[in-house]
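Undergrad: I have a structure here, written as structure tokens, and I will follow up with some questions on it.
The values are calculated or read from the model by the stated rules, or taken from the named source; none is laboratory data. Just so it is clear, the structure is predicted and the values come from calculations on it, not from any experiment. Cβ: placed from backbone, ideal geometry, glycine included. Neighbour counts: every protein chain shown.
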Amino acid sequence: MLKILKYSFFDLMRSRWSYVYFAFYLLLGIVLLFLNHDLSKAVITLMNVIIVLVPLIGTIFGVMYYYNSKEFTELLLAQPLKRSSIFLGQYLGVSLSLSMSLILGLGIPFILYGLFKSSVIWDFSLLLITGTFLTFIFTALAFNIALSNENKIKGFGYAILLWLFLAIIYDGMFLMSLIIFEDYPLDKLSLAGTMLNPIDLSRTLILLKLDISALLGYTGAIFKKFFGTNLGLIISFFTLSLWVILPVTRIVFKSKKKDF
Amino acid sequence: MKKTFVFLLAMFMAYLNYAQNIEVCNTCPISTLKAAINLANDFDTITVRKGTYKEHDVLINKPLTIVGENYPVIDGELKGEIITITSDNVTVDGLFIINVGTSYTEDYAAIRVRKSKHFIIKNLVLEKLFFGIYIEKSNYGKVFHNKIIGDAVAEYNSGNGIQLWYSNHVDVEHNYVQDVRDGIYLEFADHCLIKNNVSSNNLRYGLHFMFSNDDIYEDNTFENNGAGVAVMFSKKIKMFNNIFRENWGTASYGMLLKEINDAEIIGNTFNENTIGINIEGSNRILYKNNDFINNGWAIKVRGACYTNSFLENNFLYNSFDIAYNSKVNDNVFDKNYWSSYTGYDLNKDGIGDVPYRPVKLFSYVVNRTPETIILLRSLFIDIIDFSEKVSPVFTPDNLLDHNPLTKRVTW
Amino acid sequence: MVNVQNLHKKFNKNVVLGGVDLTINEGGIFAILGPNGSGKTTLIKAILGMVIPNEGDITVLGENIKKSADYRHKIDYLPQIANFPNNLRVKELIKMIKDLRGKTNEDKRLIDLFGLDPFLNKKLGTLSGGTKQKVNIVLTFMFDSPLIILDEPTTGLDPISLLHLKELIAKEKVNGKTIIITSHIMSFVEEVADEIVFLLEGKIYFKGSISELKTKTDQPDFEHAIASILTNNHA
């Protein structure tokens, strides 16, 4: 698996798109920091970008990589390798190279800016960790979609739909259901609703850092326990890990049964 | 020159004659404060040496100066009030007063000033108290450099750190109050100055104003109090350069303004409060040069608030800048800096070319269904906020800052 | 060498292989033929473990292929369409396959043979189809495995390379290897194959030598023999 990982990773690290992705974050970081001189604002803007863009890039890149390397995968399949190693290797290759672009692209300008001397370092690290989680989750989801759809166009379609759903539509439905059922105690429901969507989950993690003052304005005891203690952080990270593990398990499972 | 010398000499003689110094210590002939007060003549000074004195209900009924040396301990043994002052011109300085009795019917204090003038309470340390310093119907006094450390757990059986009741022209300065019910409490107290105090970790309010007019409070720090600071039913209050920090909770405010008219709120910093300022029924208030940083809601306006002006404030990284619960707006927002302003400034005059709309639709949604707060900063919410911004339906459409600044205001 | 028993494979409701029994003995060149969609590639992929049968067993060198992936150490496979990661260089790809399968020194000789030296530092994305196929051939023949499977090996090759390929195949045959080939180029098959299997609608229609096929169909040459099978069955 490590060998596949290595080659997928280096293949991707040299691809044009990795550079574009890396350059985008580098530019974003530089513009936010050096033109604005406002670290807190930069972190908030970055959060918005990461929550929306990272899942999108992860999904599209994952699907694209899978379809583009289909023949190569077939070549690999004829080699004495386990199927799970091939797909996990490729999956990790994609996720790691995307994460690298993200971490380096944003990290370099922040280090140049003197991040280590600033108290924002924790907020920033949290952003990067969340971004990395989102990359791993959405690449895994993309691989799942691609593995289940031979048709490239269909696969892309589903991938975009998935992103659209989790990034926007889900929240819309979530909001509607909270308003419709506002006469009932909702704090459990709202926390559960958050856990079911990795984008919301990551957003919550970041809210814990940026908007704790507002979150503590709500009365619910469960809310208070969730956001007021480390419980929220622990549960969020645990659920994010589940969001990585479950799709990856399905990749292994699905790849074993698939014909090429 | 000669005349001055003669005068000073005369003064010195007078002092020798009339103002005696009485010493109290555990091994002295006079070993209790009570005995010393009994013996003392008006304008005497009582020096209390280091030691522990188990006394309560000490009544100071003549103009005396009581000075503690190296903080002698006055231990009330939880039996009731410890020192009560009923005479004018009393100074109490440098005592360590502990173990005030708790009662559900009477407000026992560590030190109470009743119907007196020109008192000075300074350099006291109060611990294990019910009420700390209680100024009752007394005017023209000073309370400064005291340290009040309570251990309050519940509101019903705890008292306030410094309480002014029907007392005017009192200066409260450089005190440090923590872990009591209300740090500093003013009721019917006019023309008072509250300055340079630190009031933190109190159960209810760091500072609590009721029916008190023409007061000034400035350069104080209010931190991590149960409900922040409450200013209610008062007129012409000046609030300058205070810091309100980390007041977190459901009903917790940096500052709660209720029925306040003609106040000036200038140069204050509101940092990381659930609600920076909660305003109800308050009119003609000037908010100027305040910093609102990282609050849940910088300003929440409830009920009728008219002709208030918000000028040249900094609104930085608040989850919500302004929340309104009505569609009517009679307040002015001008030349503030809003960190979430996204407009441009083509002519580079430091003023954004597009007006800023500080009330978001989402703040209405949260007001109605509080649980939706969990969707804060979601892309969907940004989209509906944006559409509301373009064509306001729920938010007051004249609530605009026409001159949003592009750089932080400095003063 | 390869033993296929009662192999069934459906894609959705489409029956591609309907009970194939096939034994391929050690040594010699074995061609799998059939019209488009007859299941040639599926059969090969089933042997390689890339297609998972609905029913039936396959053993390669006495080992049931369901058990592990290790039997593929003994197979060299030339896939039909060679499409490699675009950002890898030729050199790196060869290194990578060696890394995956084990050491060999044959690659240098093969690179010389096909004149790939100038391309070694080029990225695979920039190569022409023919050059890619040459790389593909190098990757396949650089190992010394007892079973070689070639899926449409002649695609895109220029005449000289084709000649080299035939030489390579002949040499491996002399070395006692078993070689399985699919191809549409009948002349090529006729030239190299010792034995052929003709698949028709997922079943084995004919198995034997070319001369046997000619006799069976009563046709003078190979191409006509194949053509007559197809016309007779579709008539």
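Undergrad: Got a sec? Which of C:Asp112, C:Asp99, C:Asp158 is acidic (Asp, Glu) and under 17 Å from C:Lys74 (Cα atoms)? Walk me through it before giving the result.
TA: Details: C:Asp112 fails: under 17 Å from C:Lys74 (Cα atoms); C:Asp158 fails: under 17 Å from C:Lys74 (Cα atoms).
It is C:Asp99.
Undergrad: Let me ask another. Applying the selection to segment A:58-69, what residues are buried (at least 24 other Cβ atoms within 10 Å of the Cβ) and either of a type in the set (Phe, Trp, Tyr) or farther than 13 Å from A:Tyr91 by Cα (or both)? Walk me through how you get there before you give the answer.
TA: Filtering segment A:58-69 down to residues buried (at least 24 other Cβ atoms within 10 Å of the Cβ) leaves A:58-59, A:61-63, A:65-66.
Result: A:Phe61, A:Tyr65, A:Tyr66.
Undergrad: Quick one: in segment C:73-87, of everything that is surrounded by fewer than 21 Cβ atoms within 10 Å (Cβ to Cβ) and within 7 Å of chain A (Cβ to nearest Cβ), which residue is nearest to C:Asp151 (Cα to Cα)? Break it down stepwise before answering.
TA: The initial filter retains those residues of segment C:73-87 that are surrounded by fewer than 21 Cβ atoms within 10 Å (Cβ to Cβ), namely C:73-74, C:80-81, C:83, C:86-87.
Filter once more, so that each one left must be within 7 Å of chain A (Cβ to nearest Cβ): C:73, C:81, C:83, C:87.
Numbers: C:His73: 18, C:Ile81: 9, C:Asn83: 14, C:Asn87: 25 Å.
By that ranking, first place goes to C:Ile81.
Undergrad: Only residues that are more than 14 Å from chain A (Cβ to nearest Cβ) and of a type outside the set (S, T, N, Q): list them for segment B:288-316, please. Working first, answer last.
TA: The first filter runs over segment B:288-316 and keeps only residues more than 14 Å from chain A (Cβ to nearest Cβ), leaving B:288-290, B:301, B:303-313.
Result: B:Lys288, B:Val301, B:Gly303, B:Ala304, B:Cys305, B:Tyr306, B:Phe310, B:Leu311, B:Glu312.
Undergrad: List the number of the failed condition for B:Asp190; all other conditions in (1) crowded, with 19+ Cβ neighbours inside 10 Å; (2) of a type outside the set (S, T, N, Q); (3) not assigned by TED's automatic domain parsing to the domain that holds B:Leu126 hold.
TA: Only one criterion is unmet by B:Asp190, namely (3).
Undergrad: How many of the residues in segment C:90-123 are within 15 Å of A:Phe10 (Cα to Cα) and among the basic types (Lys, Arg)?
TA: 3
Undergrad: Can I ask one more? Considering only segment B:147-163, I want to know if a residue exists there that is in contact (Cβ under 8 Å) with a residue 40 or more places away in the chain and within 22 Å of B:Asn61 (Cβ to Cβ).
TA: Yes, segment B:147-163 contains at least one residue that is in contact (Cβ under 8 Å) with a residue 40 or more places away in the chain and within 22 Å of B:Asn61 (Cβ to Cβ).
Undergrad: Still on this structure: Yes or no: B:Asn247 modelled with pLDDT under 95 and either small (Gly, Ala, Ser) or farther than 21 Å from B:Ile373 by Cα (or both)?
TA: Numbers: modelled with pLDDT under 95: yes; either small (Gly, Ala, Ser) or farther than 21 Å from B:Ile373 by Cα (or both): no.
In short, no.
Undergrad: Among (1) modelled with pLDDT under 90; (2) on the phi < 0 side of the Ramachandran plot, where does C:Ile179 come up short?
TA: (1)
Undergrad: Residues of segment C:1-55 being within 14 Å of the chain's Cα centre (by Cα), among the β-branched types (Val, Ile, Thr) and not in a strand (DSSP E or B), which ones?
TA: C:Thr41, C:Thr42, C:Ile44, C:Ile47 - these are the residues of segment C:1-55 that are within 14 Å of the chain's Cα centre (by Cα), among the β-branched types (Val, Ile, Thr) and not in a strand (DSSP E or B).
Undergrad: Here is a list: B:Ser319, B:Ser326. Which entry is under 20 Å from A:Gly217 (Cβ atoms), within 14 Å of another protein chain (Cβ to nearest Cβ) and in contact with a Lys or Arg (Cβ under 9 Å, 6 or more places away or on another chain)? Break it down stepwise before answering.
TA: Values: B:Ser326 fails: within 14 Å of another protein chain (Cβ to nearest Cβ).
Just a single option satisfies the conditions, and that option is B:Ser319.
Undergrad: Just to verify a result, which residue in segment C:120-132, among those that are outside any loop (DSSP other than H, G, I, E, B) and in contact with a strand residue (DSSP E or B) (Cβ under 9 Å, 6 or more places away or on another chain), is surrounded by the fewest Cβ atoms within 10 Å (Cβ to Cβ)?
TA: First, the residues of segment C:120-132 that are outside any loop (DSSP other than H, G, I, E, B): C:123-126, C:129-132.
Of the ones still in play, those that are also in contact with a strand residue (DSSP E or B) (Cβ under 9 Å, 6 or more places away or on another chain) are C:123-124.
On the way: C:Lys123: 18, C:Leu124: 22.
By that ranking, first place goes to C:Lys123.
Undergrad: Which members of segment B:329-342 meet the condition of being more than 14 Å from every other protein chain (Cβ to nearest Cβ), under 24 Å from B:Asn367 (Cβ atoms) and either out of contact with any Pro (no Cβ under 7 Å at 6 or more places or on another chain) or surrounded by fewer than 21 Cβ atoms within 10 Å (Cβ to Cβ) (or both)? So that I can check it myself, show each step before the final result.
TA: The first filter runs over segment B:329-342 and keeps only residues more than 14 Å from every other protein chain (Cβ to nearest Cβ), leaving B:329-336.
Narrowing the set further to residues that are under 24 Å from B:Asn367 (Cβ atoms) leaves B:329-333, B:336.
If the condition is that a residue be more than 14 Å from every other protein chain (Cβ to nearest Cβ), under 24 Å from B:Asn367 (Cβ atoms) and either out of contact with any Pro (no Cβ under 7 Å at 6 or more places or on another chain) or surrounded by fewer than 21 Cβ atoms within 10 Å (Cβ to Cβ) (or both), then B:Asn329, B:Asp330, B:Asn331, B:Val332 are the ones that fit.
Undergrad: Continuing with the same structure: Which of (1) touching a residue at least 40 places away in the same chain (Cβ under 8 Å); (2) surrounded by fewer than 19 Cβ atoms within 10 Å (Cβ to Cβ); (3) more than 30 Å from A:Leu26 (Cα to Cα) does A:Val120 not meet, given it meets every other one?
TA: Exception for A:Val120: condition (3).
Undergrad: Kindly check whether there is at least one residue in segment B:105-117 that is more than 25 Å from the chain's Cα centre (by Cα) and outside any strand (DSSP E or B). Break it down stepwise before answering.
TA: Residues of segment B:105-117 that are more than 25 Å from the chain's Cα centre (by Cα), as a first pass: B:105.
Still in the running and outside any strand (DSSP E or B): B:105.
Yes: segment B:105-117 contains one or more residues that are more than 25 Å from the chain's Cα centre (by Cα) and outside any strand (DSSP E or B).
Undergrad: Here is a follow-up. Would you mind finding the one in B:Phe211, B:Phe244 that is of a type in the set (A, V, I, L, M, F, W, C) and surrounded by fewer than 17 Cβ atoms within 10 Å (Cβ to Cβ)? Write out each step before concluding.
TA: Values: B:Phe244 fails: surrounded by fewer than 17 Cβ atoms within 10 Å (Cβ to Cβ).
That would be B:Phe211, the only listed residue that is of a type in the set (A, V, I, L, M, F, W, C) and surrounded by fewer than 17 Cβ atoms within 10 Å (Cβ to Cβ).
Undergrad: I'd like to verify a number: residues in segment B:126-181 that are farther than 15 Å from B:Ser199 by Cβ and of a type in the set (D, E, K, R), how many?
TA: Summing the residues that are farther than 15 Å from B:Ser199 by Cβ and of a type in the set (D, E, K, R) in segment B:126-181 gives 8.
Undergrad: Every residue in segment C:58-72 that is touching a Lys or Arg at 6+ places or on another chain (Cβ under 7 Å) and at the interface with chain A (Cβ under 7 Å from one of its Cβ atoms), please.
TA: Residue satisfying the conditions is C:Ala69 alone.
Undergrad: Is at least one residue of segment B:265-287 in contact (Cβ under 8 Å) with a residue 40 or more places away in the chain, buried (at least 20 other Cβ atoms within 10 Å of the Cβ), in a loop (DSSP other than H, G, I, E, B) and more than 14 Å from chain A (Cβ to nearest Cβ)?
TA: The answer is no, given that none of the residues of segment B:265-287 is in contact (Cβ under 8 Å) with a residue 40 or more places away in the chain, buried (at least 20 other Cβ atoms within 10 Å of the Cβ), in a loop (DSSP other than H, G, I, E, B) and more than 14 Å from chain A (Cβ to nearest Cβ).
Undergrad: Do any helices (runs of 4 or more DSSP H) entirely within segment A:185-259 hold 2 or more residues that are out of contact with any Gly (no Cβ under 7 Å at 6 or more places or on another chain), more than 13 Å from every other protein chain (Cβ to nearest Cβ) and buried (at least 19 other Cβ atoms within 10 Å of the Cβ), and if so, which? Give the steps one after another, and end with the answer.
TA: Values: elements: A:187-195, A:198-210, A:212-215, A:221-228, A:231-257.
Fully inside segment A:185-259 and qualifying: A:231-257.
For every residue, the table says whether it meets (1) at pLDDT 85 or above; (2) within 14 Å of chain C (Cβ to nearest Cβ).
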{"residue": "A:Lys3", "(1), (2)": "no, yes"}
{"residue": "A:Phe10", "(1), (2)": "no, yes"}
{"residue": "A:Phe24", "(1), (2)": "yes, no"}
{"residue": "A:Leu27", "(1), (2)": "yes, no"}
{"residue": "A:Ile30", "(1), (2)": "yes, no"}
{"residue": "A:Asn36", "(1), (2)": "no, no"}
{"residue": "A:Tyr67", "(1), (2)": "yes, yes"}
{"residue": "A:Leu76", "(1), (2)": "no, yes"}
{"residue": "A:Tyr91", "(1), (2)": "yes, no"}
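Undergrad: Starting from segment B:392-411, keep only residues that are surrounded by 14 or more Cβ atoms within 10 Å (Cβ to Cβ), then list their pairs with residues that are of a type in the set (Asp, Glu) whose Cβ atoms are within a distance under 8 Å, requiring at least 6 positions of separation or different chains.
TA: Filtered contacts from segment B:392-411: B:Phe394/B:Glu388; B:Thr395/B:Glu388; B:Asp401/B:Asp334; B:Asn403/B:Asp334; B:Leu405/B:Glu312; B:Thr406/B:Asp345; B:Val409/B:Glu312.
Undergrad: Additional query: Of everything in segment C:142-156, what is of a type outside the set (S, T, N, Q) and under 12 Å from the mean Cα position of the chain (by Cα)? Give them in sequence order. Working first, answer last.
TA: Here is the first cut: in segment C:142-156, the ones of a type outside the set (S, T, N, Q) are C:142-144, C:146-153, C:156.
If the condition is that a residue be of a type outside the set (S, T, N, Q) and under 12 Å from the mean Cα position of the chain (by Cα), then C:Leu147, C:Ile148, C:Ile149, C:Leu150, C:Asp151, C:Glu152, C:Pro153 are the ones that fit.
Undergrad: Kindly provide the set of residues from segment B:343-372 that are assigned to a loop (DSSP other than H, G, I, E, B), within 14 Å of chain A (Cβ to nearest Cβ) and of a type in the set (Val, Ile, Thr), ordered by number.
TA: B:Thr369
Undergrad: Also, I was wondering about something else. Can you say whether B:Asp42 is over 34 Å from the mean Cα position of the chain (by Cα) and among the acidic types (Asp, Glu), as far as the supplied structure shows? Working first, answer last.
TA: Numbers: over 34 Å from the mean Cα position of the chain (by Cα): yes; among the acidic types (Asp, Glu): yes.
Against the criterion (over 34 Å from the mean Cα position of the chain (by Cα) and among the acidic types (Asp, Glu)), B:Asp42 qualifies.
Undergrad: Scan segment C:95-119 residue by residue and report those that are within 12 Å of another protein chain (Cβ to nearest Cβ) and part of a helix (DSSP H, G or I).
TA: Quick first cut of segment C:95-119, residues within 12 Å of another protein chain (Cβ to nearest Cβ) only: C:95-102.
Of everything in segment C:95-119, those that are within 12 Å of another protein chain (Cβ to nearest Cβ) and part of a helix (DSSP H, G or I) turn out to be C:Lys95, C:Met96, C:Ile97, C:Lys98, C:Asp99, C:Leu100, C:Arg101.
Undergrad: Please go through segment A:168-184 and give me each residue that is surrounded by fewer than 21 Cβ atoms within 10 Å (Cβ to Cβ) and assigned to a helix (DSSP H, G or I), ordered by number.
TA: So in segment A:168-184, the residues surrounded by fewer than 21 Cβ atoms within 10 Å (Cβ to Cβ) come out as A:168-170, A:172-173, A:176-177, A:179-184.
A:Ile168, A:Ile169, A:Tyr170, A:Gly172, A:Met173, A:Met176, A:Ser177, A:Ile179, A:Ile180, listed by residue number.
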